[in-house]
1. Would you check if there is a residue in the stretch 135-150 being touching a helix residue (DSSP H, G or I) at 6+ places or on another chain (Cβ under 9 Å), open to solvent by 20 Å² or more (accessible area, probe 1.4 Å), among the basic types (K, R) and closer than 28 Å to W60 by Cα?
2. Against the conditions (1) under 15 Å from the mean Cα position of the chain (by Cα); (2) within 30 Å of Y25 (Cα to Cα); (3) among the β-branched types (V, I, T), where does V167 fall short? Just the number, please.
3. Of all residues in the stretch 203-228, count the ones that are part of a helix (DSSP H, G or I) and surrounded by fewer than 17 Cβ atoms within 10 Å (Cβ to Cβ).
4. Just the residues that are crowded, with 16+ Cβ neighbours inside 10 Å and over 28 Å from the mean Cα position of the chain (by Cα), please, taken from the stretch 2-29.
5. Consider S155 carefully, then state whether it is within 16 Å of Q73 (Cβ to Cβ) and in a loop (DSSP other than H, G, I, E, B).
6. Going by the structure shown, is S119 open to solvent by 70 Å² or more (accessible area, probe 1.4 Å), modelled with pLDDT of 95 or more, over 13 Å from E157 (Cβ atoms) and out of contact with any strand residue (DSSP E or B) (no Cβ under 9 Å at 6 or more places or on another chain)?
7. For the stretch 151-167, enumerate the residues that are open to solvent by less than 80 Å² (accessible area, probe 1.4 Å) and of a type outside the set (G, A, S).
8. Condition (residue is open to solvent by less than 20 Å² (accessible area, probe 1.4 Å), within 23 Å of the chain's Cα centre (by Cα) and either within 16 Å of N72 (Cα to Cα) or at pLDDT 95 or above (or both)) applied to the stretch 99-112: is it met by at least one residue?
Amino acid sequence: MANTTSGTTVFDKNFSIDEIIEESYERIGLQSVSGNQMRQARRSLNILFQEWGNRGLHYWQIGNNSITLVNNQAVYTMFRSTGDGTSDATAVYGVDDVLEAVYRNSSNVDTPLTKINRSTYQGLSNKTSTGIPSQYYVQRFIDKVTITLYLTPGSTEAGNTINYYFVKRIQDIGDYTNATDVPYRFVPCMVSGLSFYLAQKFKPELSQQMKLYYEDELQRALAEDGSS
(Lines give C-alpha, C1' and ligand atoms only; values in the text may rest on other atoms or scores of the structure.)
Protein backbone atom coordinates (compact mmCIF):
# COMPACT_ATOMS: atom_id res chain seq x y z
CA MET A 1 0.00 0.00 0.00
CA ALA A 2 1.42 3.38 -1.02
CA ASN A 3 2.15 5.96 1.64
CA THR A 4 -0.07 9.03 1.69
CA THR A 5 1.06 12.63 1.49
CA SER A 6 0.45 15.16 4.24
CA GLY A 7 -2.13 17.12 2.25
CA THR A 8 -0.81 20.39 3.72
CA THR A 9 1.49 23.17 2.48
CA VAL A 10 1.86 25.30 5.62
CA PHE A 11 5.40 24.42 6.72
CA ASP A 12 6.57 28.04 6.48
CA LYS A 13 3.85 29.19 8.90
CA ASN A 14 4.32 26.26 11.27
CA PHE A 15 8.09 26.79 11.32
CA SER A 16 8.46 28.75 14.55
CA ILE A 17 11.24 31.14 15.53
CA ASP A 18 12.80 28.68 17.96
CA GLU A 19 12.94 26.03 15.21
CA ILE A 20 14.57 28.50 12.81
CA ILE A 21 17.16 29.31 15.45
CA GLU A 22 17.75 25.63 16.20
CA GLU A 23 18.23 24.80 12.50
CA SER A 24 20.62 27.73 12.06
CA TYR A 25 22.77 26.74 15.03
CA GLU A 26 22.88 23.11 13.83
CA ARG A 27 24.30 24.27 10.49
CA ILE A 28 27.35 25.64 12.29
CA GLY A 29 27.67 22.58 14.52
CA LEU A 30 25.99 23.81 17.71
CA GLN A 31 23.12 21.93 19.36
CA SER A 32 21.01 22.18 22.50
CA VAL A 33 21.34 25.97 22.68
CA SER A 34 19.34 27.96 25.21
CA GLY A 35 19.22 31.15 27.24
CA ASN A 36 21.52 33.89 26.00
CA GLN A 37 22.31 32.06 22.73
CA MET A 38 18.60 32.05 21.87
CA ARG A 39 18.33 35.78 22.62
CA GLN A 40 21.41 36.52 20.52
CA ALA A 41 19.98 34.57 17.60
CA ARG A 42 16.62 36.34 17.82
CA ARG A 43 18.39 39.71 17.76
CA SER A 44 20.48 38.62 14.77
CA LEU A 45 17.36 37.51 12.90
CA ASN A 46 15.77 40.93 13.40
CA ILE A 47 18.96 42.55 12.06
CA LEU A 48 18.90 40.18 9.08
CA PHE A 49 15.38 41.34 8.18
CA GLN A 50 16.53 44.96 8.37
CA GLU A 51 19.41 44.10 6.06
CA TRP A 52 16.92 42.67 3.58
CA GLY A 53 15.36 46.12 3.44
CA ASN A 54 18.61 47.32 1.88
CA ARG A 55 18.49 44.62 -0.78
CA GLY A 56 15.72 46.21 -2.78
CA LEU A 57 12.05 45.57 -3.35
CA HIS A 58 10.33 42.50 -1.89
CA TYR A 59 7.01 42.00 -3.64
CA TRP A 60 5.29 40.31 -0.73
CA GLN A 61 5.74 43.51 1.28
CA ILE A 62 3.79 45.94 -0.91
CA GLY A 63 0.72 47.69 0.45
CA ASN A 64 -1.89 50.04 -0.96
CA ASN A 65 -3.61 52.91 0.77
CA SER A 66 -5.33 56.24 0.18
CA ILE A 67 -4.83 59.64 1.81
CA THR A 68 -7.78 62.01 2.06
CA LEU A 69 -6.64 65.47 1.02
CA VAL A 70 -7.05 68.48 3.27
CA ASN A 71 -7.44 72.05 2.06
CA ASN A 72 -4.06 73.86 1.99
CA GLN A 73 -2.19 70.86 3.42
CA ALA A 74 0.78 69.66 1.35
CA VAL A 75 2.53 67.29 3.80
CA TYR A 76 1.04 63.95 4.94
CA THR A 77 2.68 61.55 7.42
CA MET A 78 2.93 57.77 7.60
CA PHE A 79 4.74 55.92 10.40
CA ARG A 80 7.54 53.41 9.94
CA SER A 81 6.98 51.63 13.25
CA THR A 82 3.80 50.01 14.60
CA GLY A 83 5.15 49.91 18.14
CA ASP A 84 6.29 53.48 18.72
CA GLY A 85 3.33 54.40 20.89
CA THR A 86 1.88 56.76 18.30
CA SER A 87 -1.90 56.90 18.35
CA ASP A 88 -3.50 58.22 15.19
CA ALA A 89 -6.64 56.68 13.74
CA THR A 90 -5.85 58.10 10.29
CA ALA A 91 -2.20 57.00 10.18
CA VAL A 92 -0.75 54.15 8.15
CA TYR A 93 1.90 52.14 9.97
CA GLY A 94 4.85 50.06 8.76
CA VAL A 95 5.50 52.28 5.72
CA ASP A 96 9.14 52.32 4.55
CA ASP A 97 8.82 54.11 1.19
CA VAL A 98 6.21 55.25 -1.33
CA LEU A 99 6.62 53.63 -4.75
CA GLU A 100 3.99 55.31 -6.90
CA ALA A 101 0.91 57.44 -6.45
CA VAL A 102 -2.09 58.87 -8.28
CA TYR A 103 -4.51 61.70 -7.61
CA ARG A 104 -8.05 60.24 -7.47
CA ASN A 105 -11.04 62.56 -7.81
CA SER A 106 -14.58 62.09 -6.54
CA SER A 107 -15.50 60.20 -9.74
CA ASN A 108 -12.66 57.69 -9.10
CA VAL A 109 -10.73 58.99 -12.09
CA ASP A 110 -6.97 58.70 -11.53
CA THR A 111 -4.25 61.13 -12.61
CA PRO A 112 -0.67 59.80 -12.22
CA LEU A 113 1.72 61.74 -9.99
CA THR A 114 5.45 62.05 -10.69
CA LYS A 115 7.87 61.18 -7.87
CA ILE A 116 10.58 63.84 -7.54
CA ASN A 117 13.70 64.16 -5.40
CA ARG A 118 14.61 66.78 -2.83
CA SER A 119 16.58 68.95 -5.27
CA THR A 120 13.71 69.10 -7.75
CA TYR A 121 11.23 69.97 -5.01
CA GLN A 122 13.56 72.63 -3.63
CA GLY A 123 13.73 74.20 -7.09
CA LEU A 124 9.96 74.73 -7.31
CA SER A 125 9.38 78.48 -7.20
CA ASN A 126 6.05 78.64 -5.34
CA LYS A 127 5.45 75.65 -3.11
CA THR A 128 2.20 77.06 -1.75
CA SER A 129 0.46 77.18 -5.14
CA THR A 130 -2.83 75.28 -4.93
CA GLY A 131 -4.51 73.01 -7.45
CA ILE A 132 -4.52 69.39 -8.56
CA PRO A 133 -1.28 67.76 -7.36
CA SER A 134 1.02 66.56 -10.13
CA GLN A 135 4.20 65.67 -8.20
CA TYR A 136 5.20 64.26 -4.83
CA TYR A 137 8.37 64.18 -2.75
CA VAL A 138 9.04 61.46 -0.15
CA GLN A 139 11.16 61.93 2.97
CA ARG A 140 12.19 58.86 4.99
CA PHE A 141 12.92 59.68 8.63
CA ILE A 142 13.86 57.37 11.50
CA ASP A 143 10.32 57.18 12.86
CA LYS A 144 8.12 58.25 9.95
CA VAL A 145 7.75 58.77 6.21
CA THR A 146 6.22 61.93 4.80
CA ILE A 147 4.84 62.65 1.36
CA THR A 148 4.82 66.26 0.20
CA LEU A 149 2.51 67.19 -2.67
CA TYR A 150 2.90 69.79 -5.37
CA LEU A 151 0.62 71.49 -6.13
CA THR A 152 -0.84 71.91 -2.63
CA PRO A 153 -4.46 70.69 -2.59
CA GLY A 154 -6.93 73.57 -2.47
CA SER A 155 -10.58 73.68 -1.49
CA THR A 156 -11.58 72.08 -4.81
CA GLU A 157 -9.27 69.09 -4.21
CA ALA A 158 -10.04 68.67 -0.49
CA GLY A 159 -11.89 65.42 0.19
CA ASN A 160 -10.41 63.74 -2.86
CA THR A 161 -7.57 61.26 -2.32
CA ILE A 162 -4.03 60.27 -3.16
CA ASN A 163 -3.90 56.52 -3.76
CA TYR A 164 -0.43 55.06 -3.39
CA TYR A 165 1.55 51.83 -3.22
CA PHE A 166 4.16 51.57 -0.50
CA VAL A 167 6.90 49.26 0.73
CA LYS A 168 6.10 47.73 4.11
CA ARG A 169 8.65 46.83 6.75
CA ILE A 170 9.09 43.16 7.58
CA GLN A 171 7.54 42.49 10.98
CA ASP A 172 9.77 41.96 14.01
CA ILE A 173 10.41 38.46 15.35
CA GLY A 174 8.59 38.76 18.66
CA ASP A 175 8.00 35.57 20.66
CA TYR A 176 9.91 32.35 19.99
CA THR A 177 6.64 30.60 19.14
CA ASN A 178 5.77 33.10 16.38
CA ALA A 179 5.99 32.40 12.67
CA THR A 180 7.96 34.84 10.53
CA ASP A 181 6.54 37.51 8.23
CA VAL A 182 8.28 35.79 5.30
CA PRO A 183 6.91 33.67 2.40
CA TYR A 184 8.08 30.09 1.94
CA ARG A 185 10.43 31.08 -0.91
CA PHE A 186 12.62 32.95 1.57
CA VAL A 187 12.75 30.32 4.33
CA PRO A 188 15.97 28.67 3.01
CA CYS A 189 17.89 31.95 2.68
CA MET A 190 16.52 33.17 6.02
CA VAL A 191 18.00 30.13 7.76
CA SER A 192 21.25 30.40 5.79
CA GLY A 193 21.47 34.10 6.59
CA LEU A 194 20.99 33.51 10.29
CA SER A 195 23.62 30.73 10.17
CA PHE A 196 26.01 33.24 8.59
CA TYR A 197 25.34 35.81 11.30
CA LEU A 198 25.75 33.22 14.07
CA ALA A 199 28.94 31.85 12.52
CA GLN A 200 30.51 35.29 12.83
CA LYS A 201 29.91 35.08 16.59
CA PHE A 202 30.48 31.42 17.40
CA LYS A 203 32.32 29.80 14.48
CA PRO A 204 34.33 32.47 12.62
CA GLU A 205 36.12 29.81 10.60
CA LEU A 206 32.77 28.94 8.97
CA SER A 207 31.56 32.48 8.33
CA GLN A 208 32.85 32.78 4.76
CA GLN A 209 31.34 29.42 3.82
CA MET A 210 28.00 30.34 5.42
CA LYS A 211 28.05 33.69 3.60
CA LEU A 212 28.41 31.94 0.23
CA TYR A 213 25.47 29.64 1.02
CA TYR A 214 23.40 32.63 2.16
CA GLU A 215 24.09 34.84 -0.86
CA ASP A 216 23.42 31.98 -3.26
CA GLU A 217 20.06 31.10 -1.70
CA LEU A 218 19.06 34.75 -1.35
CA GLN A 219 19.66 35.41 -5.04
CA ARG A 220 17.52 32.41 -6.02
CA ALA A 221 14.71 33.61 -3.75
CA LEU A 222 14.87 37.14 -5.15
CA ALA A 223 14.83 35.82 -8.73
CA GLU A 224 11.79 33.65 -8.00
CA ASP A 225 10.09 36.51 -6.19
CA GLY A 226 10.61 38.88 -9.11
CA SER A 227 12.51 41.35 -6.92
CA SER A 228 15.90 41.31 -8.61
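The values are calculated or read from the model by the stated rules, or taken from the named source; none is laboratory data. Since the model is a prediction, treat every value here as computed from it, not as a measurement. All Cβ positions, even for glycine, are placed from backbone atoms using ideal geometry, and neighbour counts span all protein chains on display. Remember, those area values only see protein heavy atoms, side chains included, never the ligands or the DNA or RNA. Shrake-Rupley method; radii C 1.70, N 1.55, O 1.52, S 1.80 Å.
1. Looking through the stretch 135-150, none of the residues is touching a helix residue (DSSP H, G or I) at 6+ places or on another chain (Cβ under 9 Å), open to solvent by 20 Å² or more (accessible area, probe 1.4 Å), among the basic types (K, R) and closer than 28 Å to W60 by Cα.
2. Unmet for V167, out of (1) under 15 Å from the mean Cα position of the chain (by Cα); (2) within 30 Å of Y25 (Cα to Cα); (3) among the β-branched types (V, I, T): (2).
3. Number of matching residues: 12.
4. I28
5. yes
6. Considered against the rule, which asks whether it is open to solvent by 70 Å² or more (accessible area, probe 1.4 Å), modelled with pLDDT of 95 or more, over 13 Å from E157 (Cβ atoms) and out of contact with any strand residue (DSSP E or B) (no Cβ under 9 Å at 6 or more places or on another chain), S119 comes out as yes.
7. Matches in the stretch 151-167: L151, T152, P153, E157, N160, T161, I162, N163, Y164, F166, V167.
8. Checking the stretch 99-112: at least one residue is open to solvent by less than 20 Å² (accessible area, probe 1.4 Å), within 23 Å of the chain's Cα centre (by Cα) and either within 16 Å of N72 (Cα to Cα) or at pLDDT 95 or above (or both).
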